[in-house]
Amino acid sequence: MSKHDAGRRKFLKGVGIAGAGAAITDHLWTEAEAKEQQAKPNGMFRAGKVVLNVNGEERTVEVEPRTTLLNAMRNHLDPAVTGPKLVCDMGTCGACTVLIDDKPVYSCLVLAVDAANKKITTAEGLGTPEKPNAVQAAFVEHDALMCGFCTPGFVTTISAYLKKNPNPSLAEVKEACKGNFCRCGTYPRVFEAALAAAKGSQA
Ligand code: FES
Ligand code: FES
């Protein structure tokens, strides 16, 4: 997609702010992204098959060499993986965070071809609504989200961090989350949830 289609993005963000909610906004956004992808002439870059291991499943996708992992998951996989969100598309906000071989990365900065045959985990792969992981459960319990756009990124980052440091201080949690932005300002509850998840997984 053209990187900074300000009009469309502003409109879609406006829909979210007006109360349609993250899920509807994300759905509209995904549709808009898909349409743009289809409308593009394919002459300059030749698409090829790439095997992505997403949440334990091998998924073959046909993408151009320039396609980011985020774009591949959201617009080329069928069914799409939409936990990672497209917000800044330039590695500043963390909404697109996924784990590659258990390390958090911005999927808008990784090419799909470079993620081939690596273990990719998104928020969907950490737990399910019926069986959330400790961080997902703590986010629900501590009401750690408003619009929810940043939430999958935070959950993914924190889940990886707690594996590395199961008993963090508040300052350490803040440091671990420094690459994730929440425009709704839900930080206190996000940090509360992270600390609660850490305690819960030790109990
Ligand atoms: S969308 Fe990737 S860092 Fe913002
Ligand atoms: S809950 Fe809205 S951006 Fe974080």
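Structural remarks
- Loop sites in the range 129-203: trypsin sites (Lys or Arg not before Pro), DSSP, at most 16 other Cβ within 10 Å: K178, R183
- Equivalent ellipsoid dimensions for the range 75-179 as semi-axes, Å, which come from the Cα gyration tensor, largest first: 22, 16, 14
- Whole-Å semi-axes of the range 84-138's equivalent ellipsoid (Cα gyration tensor): 21, 15, 8
- Residue-span extension gain [M90 to K174] - 0.36 nm each, minus C-alpha spacing: 28.1 nm
- Length available on full extension from N165 to Y187: 0.36 nm per residue minus the Cα-Cα distance, which gives 6.0 nm.
- Cα-projected label distance for A47 with D78, points at 7 Å along beta-carbon direction, nm: 0.9 nm
- Solvent-accessible area, 1.4 Å probe, carbon plus sulfur percent, for the range 162-203: 56 percent
The values are calculated or read from the model by the stated rules, or taken from the named source; none is laboratory data. Because the structure is a prediction, the values reported are computed rather than measured. In this analysis, Cβ positions are derived from the backbone assuming ideal geometry, glycine residues included, and neighbour counts consider all displayed protein chains. All accessible areas refer to the heavy atoms of the entire protein, side chains included, with ligands and DNA or RNA removed. Shrake-Rupley method; radii C 1.70, N 1.55, O 1.52, S 1.80 Å.
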